[in-house]
Each structure stands twice: as structure tokens, then as C-alpha cells.
Amino acid sequence: MRPNSNLQGMEFPIHHIATQKHWADLVLNPSTLQQIDQLFTWLKQHKENVNTRDSLRNGFRALFYGPAGTGKSLTAAILGNELDTEVYEIDLSHLVSKYIGETEKNLELLFESAESKGWILFFDEADALFGKRTGVKDSHDKYANQEINYLLQRIEDYNGLVIVSSNSKPNLDDAFTRRFHSLIHFPLPSAAERRRIWEIAFLENKLMQESIDLDSIAEKYELSPDSIMNIVRYVNDMNLSQSIATITGEQVIKAIKRQYDKEPIPR
């Protein structure tokens, strides 16, 4: 997290996210890109009008949902990068404090700072707090529900862009999803999109390829963008350690199998 006088000393799962990437580097489903473009248009207009006398205090709430590693946090960072707006990520899975009342205090401090500076707020792991509700079993559940309700209300009142991320929309409470202006799906990439991501990954790592059939690899292996980037970084690190300049298709296949063993990936 970047130092901030208003937030110093606050024990809170928040950190600044940024990227050097731009729209041209974003490989997403066409429908997803269209919705992101609409979100960008709103954010640009809001940024231009927020300081005018007649500006209305209204924000925008977007839910990004889809499998892990499909570009949700990267998209948030690119939105901030394109409009020179800082983006702060809050991990909802670590949000509720064990000290009753501390979460509300920290949230209020966060939102006050964010509104004064025009930040984009990106709440990750929404499933942890906003899953389908169950009955209150003890005092901890009671206070947790109070804190969740407070967060929901504060998100609605925020004069700016709030993005909430979830890996599985069906797991979220319907009362929660109805509060959003936009529900944007981030599916796993198609074969053509995976082909483009492989190319970008090799270029970013400055790797020379030795007759690698990217079309075949992209078609055969259903991988998320993050998984593809991790695979190429791994191969790059292995080659650097051995002073090897080029990579082969065999190396890539071995790294893909290693990635499959490391995490559950749809095949």
C-alpha cells in the first residue's frame, strides 16, 4: 500500500495496484471489452465533471465475475492507468476485523480518503463476504452481518467507481448483485484469444521462439491469461539460469503440464 497520511497506522487489507499496460495489451472476450469500454466512458465523463458546480454526487458500481486469472484486477489497473487515476484493491476475504466496530471505522477512513482523491476502489474476493446468506448462529455472525450491511451501504454512497470481483456469480447473494449498475463477465479466453496472449507473453519476456506451434498449443490447452503468463515466466527463468536464448515447444509443453499439476485448471 502506498503511504497516505489519512490511512497510516490503519491495519487494513488494502494496496495500490498499477500497471504499465494499456488497452492494446488487454485481450478479452469482445462482449467483455464492449462493456469495459462503456465503463471507461462513464469514468472519463465522471472525472471531467466531478469538480463542476452542478456535478451530481453519483457513483458507479460494477461487478467483475469469472474464473481466477482472467484479467479482472488487470482491467481495473488499466482503467486507472488510462485516466491517471489511482486504483486501490481491498481483499474482502480479510476484511472483517475480529475487533467489533474496527471494520466500520477503517472502512469510513478508507472511503473518506478515496472520495477526496478520486480513487477507483477494487474489492476482491467478494464471495468471502457476499455469498448467499445463512441464518445468524452466534454473536460473531450478528456483528459480521452488521459490518457487511455497512459496507454495502457505503459502496452505494461512494461518489466514484467501485469494482467488486468474484470468481463465481451464482455464489453471490441476489440482494447484493442487484445493487450493481453493470455485471461484467470475464470468461476463460477462446483459442484465438489464448493465441494472442501467448504472443504477448513471449514478447514481454523477450524470448526468441524456436518453431513453436502456438496455434496448436492455444487450441489444445484451455488456460487463463495468468496461467499463460506464469508458464512463460517459468520457462524464461529456467532458460536464464542455463544461459539459453531460445525456447522450444517441448519446453512449453512441459511447463504447461507443470501448471496443470500446480492448480486445478479446466481442460
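The values are calculated or read from the model by the stated rules, or taken from the named source; none is laboratory data. Values in this document were obtained by computation on a predicted structure and should not be read as measured data. As a convention, Cβ positions derive from the backbone with ideal geometry for all residues, glycine included, and neighbour counts pool all protein chains shown.
Of all positions in segment 229-242, at least one carries a residue that is loosely packed, with under 15 Cβ neighbours inside 10 Å, part of a loop (DSSP other than H, G, I, E, B), modelled with pLDDT under 95 and not assigned by TED's automatic domain parsing to the domain that holds Ile120. Being under 27 Å from Trp23 (Cα atoms), among the basic types (Lys, Arg) and modelled with pLDDT under 90, is that true of even one residue in segment 166-181? So far as segment 166-181 goes, yes, one or more of its residues are under 27 Å from Trp23 (Cα atoms), among the basic types (Lys, Arg) and modelled with pLDDT under 90. In summary, Ile247 fulfils each of the numbered conditions (1) surrounded by 15 or more Cβ atoms within 10 Å (Cβ to Cβ); (2) assigned to a helix (DSSP H, G or I) with the single exception of condition (2). I'd like to check something: does segment 189-197 contain any residue that is exposed (fewer than 15 other Cβ atoms within 10 Å of the Cβ) and over 26 Å from Gln34 (Cα atoms)? Checked segment 189-197: no residue is exposed (fewer than 15 other Cβ atoms within 10 Å of the Cβ) and over 26 Å from Gln34 (Cα atoms).
Looking only at segment 205-214, how many residues end up being modelled with pLDDT under 75 and in a helix (DSSP H, G or I)? Can you show your working first?
At the first step, the residues of segment 205-214 found to be modelled with pLDDT under 75 are 205-210.
So of that shortlist, the ones also in a helix (DSSP H, G or I) come out as none.
Final tally of qualifying residues: 0.
May I ask you to verify whether Phe202 is free of Cβ contacts under 8 Å to residues at least 60 places away in the same chain, in contact with a strand residue (DSSP E or B) (Cβ under 8 Å, 6 or more places away or on another chain) and either over 27 Å from Tyr88 (Cα atoms) or outside any helix (DSSP H, G or I) (or both)? Yes; evaluated as a whole, the condition is true for this residue.
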